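Please treat every number below as a calculation from the coordinates, not as lab data. Everything quoted here is computed from the prediction, not taken from an experiment. Note: ideal-geometry Cβ built from the backbone for every residue, glycine included; neighbour counts use all protein chains shown.
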Amino acid sequence: MNRRLLHQLFPFLAWIPSLDRATVRDDLLAGVTVALVAIPQSLAYAQLAGVPAYYGLYAAFLPTIVGALWGSSGQLSTGPVAMTSLLTAASLTPLARIGSDEFVQGAVLLALLSGLFQIAFGVLRLGMLLNLLSHPVLMGFINAAAMIISLSQLPGLLGVSARQSEHFLADTWHVLTNLDLVHEISLAFGLGALVLLIAFRRLAPRLPGVLLTVAALTALSAWMGYADRGGRVVGAIPGGLPGFTLPPLQWSLTIELVPAAFVIALISFMEAMSSSKIAAMRTRRPWDENKELVGQGLAKIVGALNGTFPVSGSFSRSALNLASHARTGLSSVVAALIVAATALFLGSLLFHLPKPVLAAIIVLAVVNLLNFRAIRRAWLASRADAIAALLTFVATLAFAPNIQNGILTGIIVSLALSLYRRMTPRAVEVGLHPDGTLRDAAHWRLPALHPRIAALRFDDSLVFVNAAHFEDAILQLERERPGVRFLLVAAGGINEIDASGVEVLSNLADHLGAKGVTLALSGVKKQVQEVLTRTGLTAKLGAGNIYATDRLALDDLRARAEASAEFAAPAG
């Protein structure tokens with residue numbers, strides 16, 4: 001087996017030779033630092049996913065190691081994350097009661113299916129599928145999801161029971177209108193956690209604020225007997241680590257979860273991709289999106305075989321990895337081993353951890369995801385993009401808890417608007433600008449090129465979706481300029497032409513020719529010229545009517561127009 005194939009199958013073999021003393025030291029320190037954040041975060045995100053909190057420790061063990069060994073970014077930290085956890089809960093809430101055995105089995109199956117999707121995308125080199133999700137649509141979804149995540153933690157912060165229905169906003173309103181049921185001690189723990197977390201972030205950012213907050217409030221909870229006073233705590237964590245087992249494969253449930261698994265595969269990889277891109281820019285080390293797809297998919301599948309919920313690349317922990325000077329995936333392996341040791345030997349210390357504290361961790365983590373400025377920028381750049389972002393935002397809120405329908409709505413709207421733009425590209429009459437170029441005649445108030453010459457610029461590829469639009473623009477220009485004998489298409493913006501485009505040009509040549517008008521092209525690109533030649537359209541138009549540049553076309557057509565005018569003039 002050659003080295004290249006070996007590195008493709010086992011990517012971690014490529015960075016093992018670089019593990020000198022300095023690299024190992026940096027990776028060890030980074031791993032310890034990330035583990036101090038990963039432990040409380042994992043417990044919190046498991047709660048967000050609707051599974052027992054200790055499942056988060058399992059999800060931060062083997063999936064983290066597999067993601068590091070088979071991924072392409074040395075700084076990407078794989079494990080439980082807020083967005084994927086929310087999607088997991090949203091996908092399963094209509095099918096089972098949160099926290100039930102059926103719910104947990106569904107989460108495991110979702111991890112398997114979304115992992116298979118990602119591996120398939122990576123093996124088939126379909127990283128381009130990420131382009132289905134435009135940035136404005138993603139921002140609309142993330143803003144709505146961040147609001148939903150924050151609101152979903154209200155029952156935990158207030159110490160009240162959450163009502164579970166098909167209308168998340170109605171459930172939230174029910175909580176807000178029944179504040180007399182608030183458990184005061186739980187509220188105190190939740191608000192206290194928020195204050196401590198914010199204080200650590202602003203006053204002592206170098207300290208592991210999340211871990212210190214959890215440790216202090218867990219100790220306080222144990223000392224005051226919070227659980228005995230009606231408070232909700234993490235509770236007992238089973239000894240040991242889960243063994244390997246096949247997820248329960250129920251055909252009907254599998255079919256129901258396929259759309260949600262596709263959305264999780266897409267969204268979770270967007271998270272991983274954003275972290276990997278930033279790490280690649282900072283470290284100046286390349287990364288491979290298709291290889292990372294396989295790594296993230298394997299991490300999800302191993303998580304499923306280990307009986308836990310879907311994972312993804314964490315933006316916050318990856319940023320911490322980067323800031324801690326992690327160089328290879330060894331840092332993530334170290335972090336995962338520390339998490340496993342915590343589950344094995346320190347689980348009893350987490351018994352009294354108040355759930356309102358976990359709710360506070362989640363709220364503070366997702367507040368940073370809110371970015372309404374991105375939607376405003378989309379509005380300034382393109383009204384269509386802004387509409388897609390706003391529709392995605394509204395749909396995600398309206399469909400909650402089924403937020404995967406919100407992102408699917410965004411994808412459909414985005415693709416529909418993109419198709420509409422392709423169907424109606426700019427097609428404008430151009431005139432000669434003082435700088436010698438052909439520009440939009442109406443915008444620059446340019447005079448006609450010549451009484452017998454008109455020119456049109458088409459700003460897109462000439463393909464089946466816009467061929468009719470191109471034809472209409474040419475015919476309209478012909479009607480508006482009845483004295484024209486030469487109609488020039490400034491084709492520099494046409495990067496591609498298909499059979500429909502060829503057919504339209506051929507029909508236009510016949511139609512215009514019958515009226516004594518010559519159709520000419522300028523600035524034709526090589527790939528377009530090759531199609532015209534293969535299909536016989538070059539011969540039909542006449543090689544002399546196809547020009548390399550706009551200037552050559554204009555000079556020659558003016559000379560021909562003058563000659564034809566002299567020929568047509570009556571003898572004196």
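Among the trypsin sites (Lys or Arg not before Pro) within segment 289-356, which fall in a DSSP loop and have no more than 13 other Cβ atoms within 10 Å of their own Cβ?
Details: sites: K291, K300, R317, R327; in loops: R327.
Filter output for segment 289-356: empty list.
Just how large is the dipole of the chain about the Cα centre, in debye to the nearest 20, putting +1 at every Lys and Arg Cβ and -1 at every Asp and Glu Cβ? Walk me through the intermediate numbers first.
Details: 43 positive and 35 negative charges, 251 e Å.
Roughly 1200 debye, rounded to the nearest 20.
Which residues among segment 512-541 fall inside the zone where the amide N is under 12 Å from a point 7 Å beyond the Cα of S564, along Cα→Cβ?
So the set is 512-520.
In whole Hz, what ³J(HN,Hα) sequence does segment 376-391 give by Karplus (6.51, -1.76, 1.60; θ = phi - 60°), x for Gly and Pro?
Working through the residues one at a time gives 4, 4, 4, 5, 5, 7, 7, 4, 5, 5, 5, 4, 4, 5, 5, 5 Hz.
List every residue whose amide H lies under 5 Å from the amide H of Y547, counting only residues 5 or more places away in sequence or on a different chain, with H placed 1.01 Å from N in the peptide plane.
L521, S522, G523, V524
Can you run phi through the Karplus equation (6.51, -1.76, 1.60; θ = phi - 60°) for segment 448-457 and list ³J(HN,Hα) in whole Hz, with x for Gly and Pro?
Ordered by residue, 3J(HN,Hα) equals 4, 4, 5, x, 9, 10, 10, 9, 10, 9 Hz.
Sequence gap of 8 or more, or different chains, plus Cα separation below 29 Å: how many lysine pairs satisfy both in the chain?
Numbers: K277/K291; K277/K300; K291/K300; K300/K355; K515/K525; K515/K540; K525/K540; K526/K540.
Number of lysine pairs found: 8.
Taking the Cα centre of segment 420-501 as origin and charging only Cβ (+1 Lys, Arg; -1 Asp, Glu), how large is the dipole, in debye to the nearest 20? Working shown, then result.
On the way: 10 positive and 11 negative charges, 56 e Å.
Taking the Cα centre of segment 420-501 as origin, the dipole is about 260 debye.
Just to confirm my numbers, what's the Cα centroid distance between segment 358-394 and segment 194-264 in Å?
26 Å
For a quick protection proxy, order the peptides 66-79, 178-191 by their average other-Cβ count within 10 Å, most packed first. Could you put the intermediate results ahead of the total?
Values: 66-79: 28.8, 178-191: 16.0.
Ranking the peptides 66-79, 178-191 by packing returns 66-79, 178-191.
Expressed as cubic angstrom per residue, what is the convex hull volume of the alpha carbon set of the chain?
On the way: hull volume 118.4 nm³, N = 572.
Per residue, the Cα convex hull of the chain comes to 207 Å³.
Quick check: the distance between the Cα centres of segment 497-550 and segment 447-488, to the nearest angstrom?
Measuring centre to centre over Cα atoms gives 13 Å.
Lys and Arg at +1, Asp and Glu at -1: add these up for the other residues within a Cβ distance under 13 Å of G231 and post the number.
Working: positive: R229, R232, K355; negative: E184, D228.
Its environment carries a net charge of +1.
Just to check I understand the Karplus step: with θ = phi - 60° and J = 6.51 cos²θ - 1.76 cosθ + 1.60, what whole-Hz values come out for segment 104-120, glycine and proline as x?
Going residue by residue, I get 5, 4, x, 5, 5, 5, 5, 5, 5, 5, 5, x, 5, 4, 5, 5, 4 Hz, with x marking Gly and Pro.
To the nearest Å, what is the center-to-center distance of segment 421-437 and segment 297-350, using C-alpha atoms only?
One Cα centre to the other: 54 Å.
Along the charge dipole of segment 425-572, Cβ charges K/R +1 and D/E -1, which of L557, Q476, A454 sits furthest on the positive end?
Sorting the options by dipole projection puts first L557.
For segment 1-123, give the magnitude of the charge dipole about the Cα centre (Cβ charges: +1 Lys/Arg, -1 Asp/Glu; no others), in debye to the nearest 20.
It comes to approximately 260 debye.
State the answer as a single residue: which of A145, A199, H174 lies farthest towards the positive end of the charge dipole of segment 97-238, with beta carbon charges of +1 for Lys and Arg and -1 for Asp and Glu, about the Cα centre.
Going by the Cα projections, it comes out as A199.
With 5 Å bins from zero, work out the P(r) of segment 1-104 over every alpha carbon pair and list the percent per bin.
Final binned percentages: 2, 12, 17, 18, 15, 12, 10, 8, 5, 2, 0.
Taking amide H positions as placed 1.01 Å from N in the peptide plane, with prolines and chain starts having none, which residues 5 or more places from G329, or on another chain, fall under 5 Å of its amide H?
Placed amide hydrogens put nothing under 5 Å from G329.
Quick check on the chain: helices-only [θ] at 222 nm, where DSSP H runs of length 4 and up contribute -39,500 (n - 2.57) each and the sum goes over total residues. Nearest 500, please.
Values: 25 runs with 354 residues, N = 572.
Theoretical 222 nm ellipticity from helices: -20000 deg cm²/dmol.
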